[in-house]
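Following: one structure in structure tokens, then a few remarks.
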Amino acid sequence: MKYYYNTVLRNQGFHETVQKVIEALKKEKFGVLTTIDLKATFKKKLEVDFRNYVILGACNPPFAYKALQAEDKIGTLLPCNVIVQEKEAGLIEVSAVNPMVSMQGVDNDSLEDIATEVAAKLQNVISSL
């Protein structure tokens, strides 16, 4: 089982794709809690050039709440990360964590149904692009 879901979009602008992903997440009731721009961070902190690469920390509050009710330390695996990266000009890859894999290390059977539902929602996001 892969630890992520992904799709590759051709002839797309990077920033437009990021917005498209945010909109797709909203349709599945996810909000974006964090946006990490690695290109800007690496330039500022390391003085190196890096491709366009953004990590979106997505959260679906009802599912996060259910997960925390079942396992109080599950917050170490939240939020669900979605990345948008420009592999080359006009070629954008969007990837989302597979929560089924990330939660395998947690010994709590009650999380399986939650992870299955969140996985389906993230797959819907990727498929909709």
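The values are calculated or read from the model by the stated rules, or taken from the named source; none is laboratory data. Since the structure is predicted, the reported quantities are computational estimates derived from the model, not experimental observations. Note that each Cβ is placed from the backbone with ideal geometry, even for glycine, and that neighbours are counted across all protein chains shown. Ligands, DNA and RNA are stripped out before the accessible areas are found, and what is left, the full protein with its side chains, is counted by its heavy atoms. Shrake-Rupley method; radii C 1.70, N 1.55, O 1.52, S 1.80 Å.
Remarks
- Residue 112 accessible area, 1.4 Å probe, all protein chains in place, Å² to nearest 10: 110
- For the chain, adding -39500 (n - 2.57) for each run of n ≥ 4 DSSP H residues and dividing by the number of residues yields -13000 deg cm²/dmol at 222 nm.
- Ellipsoid semi-axes in whole angstrom, largest first, where each is sqrt(5λ) of the Cα gyration tensor of the chain: 27, 16, 13
- Accessible area per residue for the chain is 60 Å², calculated with a 1.4 Å probe on protein heavy atoms, without ligands, DNA or RNA.
- The range 7-50 versus the range 56-129: alpha-carbon centroid distance in Å: 16
- Of 118, 78, 52, farthest towards positive along the dipole that unit charges on Lys, Arg, Asp, Glu beta carbons give the chain: 52
- Size of electric dipole in the range 9-129: Cβ of Lys, Arg +1 and of Asp, Glu -1, about Cα centre, debye, nearest 20: 480
- Radius, Kirkwood style, for the range 26-70 when every pair of distinct Cα atoms is counted (Å): 12.4
- Annotation: residue 3 carries an accessible surface of approximately 150 Å², with a 1.4 Å probe and no ligand, DNA or RNA atoms counted.
- Computed from the C-beta positions of residue 40 and residue 76, the FRET efficiency with R₀ = 22 Å rounds to 0.25.
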